[in-house]
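Supplied in structure tokens, the structure appears directly below.
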Amino acid sequence: MTPSDDSPPRCEPAVSRSARIGFGLFWIYVACYGGFIALVLFAPGLLSARPFGGVNLAIACGLGLIVAALVLAVVYMVACRVVEGASHD
Amino acid sequence: MLYETSLAAIAIFAAFVLSVVGLSFYLGRKAQSAQGYYAAHGEIHWFVNGIAFAGDYLSAASFLGICGMIAFYGYDGFLYSIGFLAGWIVALFVIAEPIKKLGKFTFADALDSRFHSRGIKLAVAISTLVVSIFYLIPQMVGAGDLIVPLLGLPHAVGVILVGVAVTLIVVTAGMVSTTWVQFIKGSLLVFFCGVLTVMILNRGLVVGTGSLAPQVRTVAPDGTVLVDGAPQSKSHDLRPVGTIAALPARYGDAISTGPLGPWEYLSALEDSRIVTWAPKKQTDAAGTHTTYSPTERLGSDLLKPGGYFKGLTTGNLADKLDFVSLMLALFCGTASLPHILIRYYTVKDQAAARKSTVVGIAAIGAFYVLTLFLGLGAMTSGALDPTSSNMAAPLLAKSFNTTLFAIISAIAFTTVLGTVSGLIMAGSGAVAHDLVENVLRIPMTDHEKVRCGKIAAVGLGIVAMALGILFRNFNVSFLVGWAFNIAASANLPALVMLLFWPRTTKEGIIAAVTVGMLASLGWILLSADTFEKVYGLPRDASWMPFSQPGLVTIPLGFLVLVVVSLLTPRPAGAEAR
């Protein structure tokens, strides 16, 4: 009944390899997100600094987290395609 | 404030509803299988599915709520955006592929794929229904609240209109039409937010000219509303607020910056002086008086954290924990929301699931960046209603022209359609596929499964309309928070441990889902926020140290799962019962 029952076992390594890549990227993002929340909690003064053309660090970090999510997502998609492509050969 | 009824808004909205309902009938004209009804035959193109993710996820709370929060409190509204988007990282990197690989129609399928246990299906179906209904109530009440100022129709009309339209959409072609409605809504929302942002940047920052005298709104004991002592009418109403008092010194005496780039806009805003209007309430024999008085503040003070989450600046530990707890629930909740998860069954394989999540992240991320500009644009538009932060985005549009106001109003209202159809679909699957078919084990043909799902959808549509009217006068915005917290506490521990810990037993899953759901529910019912906003009791009477339960109940879900799994016999194998 579940698709996993009838999927051929030879696909397994690719699946777990992409899962490993996903996990690595996940922890990278957790570090960014957690670091940002730590800044908000413990160093709010730092977020008022304006190193980027007059825009403060609070806005820059927020935009950065949104862009980082998209960049990591694209990296993951490409990496999975490479890994799965290799296993099908 | 009172609003002019916009015939154009009603016409645009009617055209939208009629075309999506028409599209649903067109898509539903073919005889349907259960696979078609619940999962759109798994044939939705990944790009369409990705945009539909945005249409499903970006509720009225995202569009109107975040815009309003940024317009009223500054940066803190953006913290919600950051948390809402971060949740998609969990969805993509941890949840997407296993969910697609293990499941068929519903989230319970995936969670139960190893054990085939009725207990798991029952627990997960109940948590799906609880989360979906808690998410549904604010959407329906919001529809009613929006229709009053935007289209000039009574509250109940808004609720019934949304309820009937959504039920028709879901019943005609299930997941197929739901997907297309969400696709259309998602694209319109992002596109028009983009148009508005371009107009904001093109206008630049302009010094406001309105009066800065305090305004008083009084609600007399008999319900009449007075403004500055005289009865409220369209000619005598609160003045719109939200202006710039002074531009940065580098602009000299100029009253306008002229067109600005996005980065320049943010930078100029930080150096500008902005007038915000804080309300102060006071009650006496003549009624409840709310005084709105202006405060001039430096833009850089509004663009840093702490405007809404006061605890960030006061240093109170409980307030800080509350904030962390909220950010954790937003991070973990997205990937556990049933109406989001079922969208993984509409694409053909795991690669498509992945690609559609990336498209979803791009669309939702773009939307949140645009919302920052919309919120800040509204803050300085001189068009804000001091009594309602939810009206910030439509009123911002009105500060440009009335056609744009009509379009944004209609889009705000149709935003509700996309999200509600996803929620009804998730609930319909939980009732028909999980409860009737798998828990009660009533044998059904393929055709009967579809009919059962449609009956469940009609039932849920009626329940949604009733709740939308019943909860009209309640403050319901906190229910979305409940839904995220319950989803994260009940569903995420079970899902993650099932995937990554082979020792997980079915008793562990059932216990984690049940305890996570009940603990987060109980915590919220006893929290200071609920005491104040729902029961009308003093905050101090609450039993809980902070209001958002996620920080405690998500780890609790994991702990319960581990302890119960270790206390129960090791699962014999993939097919163990």
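Which shape class, rounded, prolate or oblate, goes with the range B:132-205 when its Cα gyration tensor gives a ≥ b ≥ c as root eigenvalues, a/c under 1.5 marks rounded, and past that a/b bigger than b/c marks prolate?
In terms of gyration-tensor shape, oblate.
Compute the angle between helix B:506-525 and the longest alpha-carbon principal axis of chain B, please, reported from 0 to 90 degrees and rounded to the nearest 10.
20
Restricting things to Cα coordinates, could you compute the convex hull volume per residue of the protein assembly as shown in Å³? List each step's numbers first, then the result.
Details: hull volume 100.6 nm³, N = 666.
It is 151 Å³ per residue.
Can you tell me the 0 to 90 degree angle between the C-alpha axis of helix B:118-151 and the longest principal axis of chain B, rounded to 10?
20
Using mean Cβ contacts within 10 Å as the protection proxy, how do B:446-453, B:408-415 order, highest first?
Numbers: B:446-453: 18.2, B:408-415: 25.9.
For the peptides B:446-453, B:408-415, the packing ranking is B:408-415, B:446-453.
Using alpha-carbon positions, what is the distance between the centroids of the range B:446-474 and the range B:6-36, in Å?
That distance is 18 Å.
In the range B:240-286, what residues drop by 20 Å² or more of accessible area when the other protein chains are put back, versus the chain on its own? Use 1.4 Å, and skip ligands and nucleic acids.
Going by heavy-atom accessible area, the residues of the range B:240-286 that drop by at least 20 Å² are B:Trp263, B:Leu266, B:Ser267, B:Glu270, B:Asp271.
Moving on. Return the lysines within reach of B:Lys100: Cα separation strictly under 27 angstrom, same-chain partners fewer than 8 residues apart disregarded; answer none if there are no such residues.
Those lysines meeting the cut-off are B:Lys30, B:Lys121, B:Lys185, B:Lys348, B:Lys355, B:Lys449, B:Lys454, B:Lys506.
Can you give the translational diffusion coefficient of the range B:242-321 in µm²/s, computed by Stokes-Einstein from the Kirkwood radius over Cα pairs at 37 °C and 0.692 mPa s?
Details: Rh = 15.3 Å.
Answer from the Stokes-Einstein relation: 215 µm²/s.
Return the average number of partner chain Cβ atoms within 10 angstrom of each residue Cβ along peptide B:294-301.
Shielding by partners across B:294-301 averages 1.
Next question. Taking all protein chains as present, what is the carbon and sulfur share of the accessible area of the range B:389-524, in % to the nearest whole number, probe 1.4 Å? Could you put the intermediate results ahead of the total?
Values: 2980 of 4370 Å².
About 68 percent, which is the carbon plus sulfur part of the accessible surface.
How many Å³ per residue does the convex hull of the Cα positions in chain B occupy?
Details: hull volume 83.2 nm³, N = 577.
In chain B, the Cα convex hull volume per residue is 144 Å³.
From the backbone phi of the range B:282-287, what are the Karplus-calculated ³J(HN,Hα) couplings (6.51 cos²θ - 1.76 cosθ + 1.60, θ = phi - 60°) in whole Hz, Gly and Pro given as x?
Rounded to whole hertz, the list is 7, 10, 9, 4, 7, x.
Still on this model: What lysines sit close enough to B:Lys280 to cross-link, taking a C-alpha to C-alpha distance under 22 Å and skipping anything fewer than 8 places away on the same chain?
B:Lys310, B:Lys533
Under 1.5 on a/c is rounded, so check that first for the range B:441-506, then, if it is not, pick prolate when a/b is larger than b/c and oblate when it is not; a ≥ b ≥ c are the square roots of the alpha carbon gyration tensor eigenvalues. Spell out each step's value before the answer.
On the way: a/c = 4.38, a/b = 1.13, b/c = 3.89.
Oblate, since a/c reaches 1.5 and b/c is not below a/b.
Which of the lysines could be linked to B:Lys234 by a straight reach, that is with a Cα gap under 17 Å, when you skip same-chain ones fewer than 8 residues away?
Once the sequence-local lysines are set aside, what remains near B:Lys234 is B:Lys398.
Right, next: Taking both sides together, what accessible area is buried at the A/B interface, probe 1.4 Å, expressed in Å² and rounded to the nearest 100?
4000
Here's a follow-up. Over the range A:23-73, consider all pairs of different Cα atoms and compute the Kirkwood hydrodynamic radius from their mean reciprocal separation; express it in Å, one decimal.
Numbers: mean 1/r = 0.0870 Å⁻¹.
Its Kirkwood hydrodynamic radius stands at 11.5 Å.
For the range A:21-88, calculate the relative contact order in percent as a whole number, restricting contacts to Cα pairs under 8 Å that are 6 or more residues apart. The partial results should precede the final answer.
Values: 27 pairs, mean separation 23.1, N = 68.
Normalised by residue count, the contact order of the range A:21-88 is 34 percent.
Something else now. If you find the alpha carbon centre of the range B:487-531 and of the range A:23-79, how far apart are they in angstrom?
Distance between centres, Cα-based: 28 Å.
Let me ask something else. Run the accessible area of the range A:21-88 with a 1.4 Å probe and give the carbon-and-sulfur part as a rounded percent.
Working: 2380 of 2900 Å².
Carbon and sulfur together cover 82 percent of it.
Could I ask something else about it? Using every alpha carbon pair in the range B:334-486, what percent of pairs falls into each 10 Å bin from 0 up to the bin containing the largest distance?
9, 25, 32, 23, 9, 2, 0
Alpha carbon centre of the range B:384-440 versus the range B:170-190: separation in Å?
Value for the Cα centre distance between the two parts: 12 Å.
Can you tell me the orientation of helix B:446-470 relative to chain B, as the angle in degrees between its alpha-carbon axis and the longest Cα principal axis, to the nearest 10?
Value to nearest ten degrees: 30.
If you count only protein heavy atoms with a 1.4 Å probe, what accessible area per residue comes out for the protein assembly as shown, rounded to a whole Å²?
On the way: 24850 Å² over 666 residues.
Accessible area per residue: 37 Å².
Then there's this: Just the number: Rg to Rh for the range B:399-467, Cα atoms, Kirkwood Rh, two decimals. Don't skip to the end; give the middle numbers.
On the way: Rg = 17.6 Å, Rh = 14.0 Å.
So for the range B:399-467, dividing Rg by the Kirkwood Rh gives 1.26.
Could you work out the relative contact order of chain B, using alpha carbon pairs under 8 angstrom and six or more residues apart, expressed as a whole percent? Provide the component values of the computation, followed by the final result.
Details: 1106 pairs, mean separation 160.0, N = 577.
Relative contact order for chain B comes out at 28 percent.
Note down the Stokes-Einstein diffusion coefficient of the range B:152-289 in µm²/s, whole number, using a Kirkwood radius over alpha carbon pairs, 37 °C, and 0.692 mPa s.
Details: Rh = 19.9 Å.
Result for D is 165 µm²/s.
If you wrap a convex hull around the Cα atoms of the range B:345-406, how much volume per residue is inside, in Å³? Show your work: numbers first, answer last.
Working: hull volume 7.0 nm³, N = 62.
Spread over its residues, the Cα hull of the range B:345-406 gives 113 Å³ apiece.
Tell me the relative contact order for the range B:222-330 as a rounded percent, counting alpha carbon contacts under 8 Å between residues six or more apart. Could you put the intermediate results ahead of the total?
Numbers: 108 pairs, mean separation 19.5, N = 109.
The normalised contact order for the range B:222-330 reaches 18 percent.
The values are calculated or read from the model by the stated rules, or taken from the named source; none is laboratory data. It should be emphasised that the depicted structure is a prediction, and the values quoted were computed from it without experimental measurement. Cβ sites come from the backbone with ideal geometry, for glycine too, and all protein chains shown count toward neighbours. These area figures cover heavy atoms from the full protein model, side chains too; ligands, DNA and RNA do not enter into them. Shrake-Rupley method; radii C 1.70, N 1.55, O 1.52, S 1.80 Å.
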